[in-house]
Amino acid sequence: MKKEIRSRCGSILTAVAGVLFILSCSVVLVLNLRQIYDHDVHALDLADQVNLTEEQIRENYDALIDYNLFWKEVEVLEFPDFPMSEHGRIHFEEVKRIFVGIQYLMIVSFCLLIPGLWSKIRKEDYACLKWTAILTLAIPAVLGAAVAVNWEWFFVAFHRLAFSNDYWLFDPAADPIILILPDEFFLHCAAAILLCVVLGSAAAGIAWRVLERRKRKMR
């Protein structure tokens, strides 16, 4: 009985590590997937919003992304072509703390997932993969429904939950960087993250089915 309880607890802990890895990895992947912004710069005519070329706009965006990647070691955020208010600087510092935390979460969850998963696979106990797939899929289902129903509400609610101030409400006159960061771009990023999460869930589910089928054939 105790052995069975330990096995289930191990499966749950491994599944939790798997869920956290898929979620954090999806965010980090999309954060680095600059092709989304490259597309939106042209598709949303962002050059019409500011007196800059598309190449200059991308340089300012790259400066923002590099600032949020801990391995880039960018301590101070400076935009090549935009001024920044004190409130803007504080907000970007808060955003960086969140993204850096997610990046470290990805690393830690991966380091916990691999030994746990390896141990379970050696014992031919694949339940952790099934639970990883189920739990991971539940999250984009809920968030995706909220985004589909009312993106603006979801965007505002997320910011109010994530930040303890209203510095995320940019004044274009003081922080013109917001002119090249439209809501549509964030919607596209959210959709890309949800897609990555779904793919991660599908990968875990497929792996579970394949391994279970192989185990039954060997018996």
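Spin-label pair LEU33-PHE186: with each label point 7 Å from Cα along the Cα-Cβ axis, the two points sit 1.9 nm from one another. Got a sec? How would MET84, MET106 order by Cβ neighbour count within 10 Å, fewest to most? Fewest to most other Cβ atoms nearby, the residues stand as MET84, MET106.
Just checking the listed ones, PRO83, PRO176, PRO140: in the Gaussian network model of the chain with Cα springs under 10 Å, the one fluctuating most is PRO83. The spacing between the range 35-93 and the range 121-182, judged by their C-alpha centroids, is 21 Å.
When CYS111, CYS128 are ordered from fewest to most other Cβ atoms inside 10 Å of their Cβ, what list results?
Ranking CYS111, CYS128 by Cβ neighbours within 10 Å, fewest first, gives CYS111, CYS128.
Take the Cβ atoms of GLU93 and ARG6, set R0 to 41 Å, and the FRET efficiency comes out at 0.40. The count of lysine pairs in the range 2-218 that are at least 8 places apart or cross chains, and whose C-alpha atoms lie under 28 Å apart, stands at 17.
Out of all Cα-Cα pairs in the range 57-133, roughly what percent, to the nearest whole number, are more than 14 Å apart? Summing the P(r) tail past 14 Å for the range 57-133 gives 71 percent. Phi angles across the range 100-113 convert, under the Karplus curve 6.51 cos²θ - 1.76 cosθ + 1.60 with θ = phi - 60°, into 3J(HN,Hα) values of 5, x, 5, 5, 5, 4, 4, 5, 5, 5, 5, 5, 7, 5 Hz, Gly and Pro given as x.
Which value in deg cm²/dmol, rounded to the nearest 500, describes the helix-derived mean residue ellipticity at 222 nm for the chain, given -39,500 (n - 2.57) per DSSP H run of n ≥ 4 and division by the residue count?
Numbers: 7 runs with 162 residues, N = 219.
Helices in the chain give a 222 nm mean residue ellipticity of -26000 deg cm²/dmol.
Toward the positive end of the charge dipole of the range 13-109, with +1 on the Cβ of Lys and Arg and -1 on the Cβ of Asp and Glu, the farthest Cα among HIS42, GLN56, VAL30 is that of VAL30.
Under a Gaussian network description of the chain, with springs only between Cα atoms under 10 Å, the residue in ARG122, ARG209, ARG97 that fluctuates furthest is ARG122. Modelled spin-label separation between GLN56 and LYS217, with each label point placed 7 Å from Cα along the Cα-to-Cβ direction: 6.1 nm.
By the count of other C-beta atoms within 10 Å, a proxy for reagent exposure, LEU29, LEU113, LEU64 are ordered fewest to most as LEU29, LEU64, LEU113.
Here, P(r) means the percent of Cα pairs in each 5 Å bin from 0 to the largest distance; for the chain it is 1, 6, 12, 15, 17, 14, 10, 8, 6, 5, 3, 2, 1, 0, 0. Kirkwood's formula applied to the C-alpha pairs of the range 41-92 gives a hydrodynamic radius of 12.1 angstrom.
Read-outs throughout are calculated quantities, based only on the coordinates presented, and are distinct from any laboratory measurement. Worth saying up front: this structure is predicted, and the values here are computed from it rather than measured. When we count neighbours, we look across all protein chains shown, and the Cβ atoms used for this are built from the backbone with ideal geometry, even at glycine.
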